[in-house]
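See structure below.
The values are calculated or read from the model by the stated rules, or taken from the named source; none is laboratory data. This is a predicted model, so every value here is computed, not measured. Cβ: placed from backbone, ideal geometry, glycine included. Neighbour counts: every protein chain shown.
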Amino acid sequence: MKNCGKNDEGSCVKCGTCNTVCPVYLATGNEIHTPRGKQHLKSCIEQDEVASHYADIFSKCLLCGACLEACPRNLDTPELVITVRSELPRLSGLSFLKYMSRKALVHPSLLSGLSRIGTAANRLLGEWLPQDSGLRLRLQGFEQEAFKLPAAGYIEKLKAELPEDKEQQESSADPGISFFTGCLANHLQPEIAETTQFLVAKTTGCKAVVPLKQTCCGMAALAAGRIDEARELAKKNIMSFEANDFPILTSCSSCYYHLQSYHELLADDPEWRERAARFAGRLQEFSTFFLEKFSEISDALLPTDTVAAKEVLYHDPCHLRFKLHITREPRQLINLLPGIELQELPDGPRCCGQGGLFQVAHPDLARQVQDRLIADYAKLSAQTVLTACSGCLLQWQLGLAAGGNDGKAEHLAIFIARHLQ
Ligand code: SF4
Ligand code: SF4
C-alpha cells in the first residue's frame with residue numbers, strides 16, 4: 001500500500017493531476033467535484049461555518065482511491081472525505097434509501113424491509129419519474145431477479161441446521177479455513193457463498209467453517225462517516241473469528257480491502273489494534289487464494305465447450321486496483337480456464353460508479369459514471385463480466401439490465417464452478 005501524505009491545509013499544490021483520474025469529475029466536468037476542490041474546501045470547513053452545499057459536495061465521492069494513486073504528494077482525499085462526512089452528521093443520511101440501505105447492512109432483518117420499500121417505491125414512483133432518471137433505474141433494480149430476497153440468508157440457513165449452542169461448524173481438516181461471506185453473498189445472492197464453499201471443498205478437500213456471529217464488514221458505515229459504528233462492526237467480526245486461527249477467505253473484494261484495514265480503524269485502541277492486526281494477517285483475497293489452489297489442480301478444470309461464455313471481461317474493483325494493486329491474480333485465475341478469452345476495455349479499467357452506497361444517494365451521477373464504462377464494454381464481443389466485488393457485481397447487474405444490454409455479470413466463483421461441474 002502507498003504511504004499517504006497528510007491532508008493538512010497547504011499540502012495540496014493544486015497541480016490538478018488528481019482531476020485527470022477522478023471518475024466523478026470526468027463524468028460531470030465540474031471543478032467543484034474534483035479531489036483538488038475537496039482538499040481546498042476542507043480547509044474552508046475548518047475555518048468557517050459549514051454551508052449545506054459543502055455537505056453535498058463531499059457526498060459526491062466514490063472513495064475509489066484513483067486520486068490517491070495519482071497524487072504526487074500522496075494526499076489521501078478519500079480519507080479526507082470520510083473525515084468530513086463524520087464531522088457532518090447530516091451527510092450520514094443523505095437520502096432515505098441510503099439511510100435504510102446502510103441500516104439494513106448492519107441489521108439483516110431490515111434488509112427485507114428495504115427490498116419491500118424499493119419495490120413499493122418503484123410501483124409508486126415509476127410512472128412519473130423521467131425515463132432516464134437514475135433513481136427510476138435504481139428502483140427498477142429492486143424488481144429484478146438478482147435483488148429478490150431468497151427465502152433465507154446463507155448464515156440464517158446454517159444456523160437453522162446447527163444445534164443452538166454452536167457458533168460455527170466443526171472443521172475436520174488441518175489446517176482448516178474460515179469464510180467471511182459479506183452481505184451480498186449472505187443476504188441477497190447466497191449462491192455466491194454456496195459456490196465458494198464448493199470451490200473450497202474441491203481445492204482443499206474440506207468445507208470452510210463459517211462463524212455464525214460475523215456481520216457486515218462495516219465499509220458502508222465508514223463511507224457514511226459513521227466511524228464509531230464501523231469500529232463496533234469491526235470488533236464483532238474480529239471476535240467472531242477468534243475461535244480458531246485458520247486463514248479467513250472472503251468472497252468479496254471490497255470486504256477484503258476493508259477487513260484488512262481494521263487495524264487502522266482501531267489504531268487508537270492498543271488491545272483492539274493488535275487483535276485487528278492478527279485478524280488481518282489471516283485474510284485471504286479470493287482470486288489470489290484460488291489462483292494458488294487451481295494452479296495445483298488445473299487438470300480439474302474442464303474445457304470451454306461445456307460453458308456458454310467464451311469471451312469475458314474482468315472488472316477490477318477500485319479497492320483492489322488502486323489500494324491493494326491486485327490486478328494480475330484475477331486475470332491469471334481466469335486464464336487458467338481452458339479456452340476462455342479474457343478481453344480488456346479499449347482505454348483500460350474504469351470505476352463502475354458503485355462507490356459503497358453512492359449510487360443510491362446519487363443515482364444519476366452514478367449512472368453517468370457507469371454509462372462510459374458500459375459504452376466501452378459494448379465495443380467488446382465479451383458477453384460476460386466477471387468480478388469478485390459485491391458492490392461492483394450489483395452495479396453491473398443493474399446497469400446491464402437497465403440499458404437493455406444482453407451481457408450478464410457474474411461472480412468469479414459462479415463462473416469458475418461451471419468449469420468444474
Ligand atoms: S494531485 Fe494531489 S497535490 Fe495535485 S491537486 Fe490533486 S490533491 Fe492536490
Ligand atoms: S476517491 Fe475517487 S471519486 Fe473520490 S475524489 Fe478521489 S478520484 Fe474522485
Quick count over the stretch 226-250, residues being buried (at least 24 other Cβ atoms within 10 Å of the Cβ) and modelled with pLDDT under 95, is 2
Answer with yes or no whether Lys213 is in a helix (DSSP H, G or I), outside the structural domain of Gln354 (by TED's automatic domain parsing) and touching a residue at least 24 places away in the same chain (Cβ under 8 Å).
-> no
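If you scan the stretch 1-22, which residues turn out to be at pLDDT below 90 and of a type in the set (A, V, I, L, M, F, W, C)?
First, the residues of the stretch 1-22 that are at pLDDT below 90: 1-11.
Met1, Cys4 - these are the residues of the stretch 1-22 that are at pLDDT below 90 and of a type in the set (A, V, I, L, M, F, W, C).
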Restricting the search to the stretch 23-43, which residues are closer than 27 Å to Pro317 by Cβ, polar (S, T, N, Q) and modelled with pLDDT under 95?
-> Thr28, Asn30, Gln39
Which of the residues belonging to the stretch 56-87 are near ligand 2 (Cβ under 10 Å from one of its atoms) and in a loop (DSSP other than H, G, I, E, B)?
-> Lys60, Cys61, Leu62, Leu63, Cys64, Gly65, Cys71, Asp76
Filter the stretch 21-46 for residues that are near ligand 2 (Cβ under 7 Å from one of its atoms) and in contact (Cβ under 8 Å) with a residue 40 or more places away in the chain; which is farthest from Phe322 (Cα to Cα)?
-> Lys38
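Tell me the residue from Ala230, Ala234 that is closer than 25 Å to Cys64 by Cα, touching a Gly at 6+ places or on another chain (Cβ under 8 Å) and without any contact (Cβ under 8 Å) to a residue 40 or more places away in the chain, please.
Numbers: Ala234 fails: without any contact (Cβ under 8 Å) to a residue 40 or more places away in the chain.
Just one listed residue meets the conditions, Ala230.
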Given the conditions (1) crowded, with 20+ Cβ neighbours inside 10 Å; (2) within 18 Å of the chain's Cα centre (by Cα), report the number of the one that Ile414 does not fulfil.
-> (1)
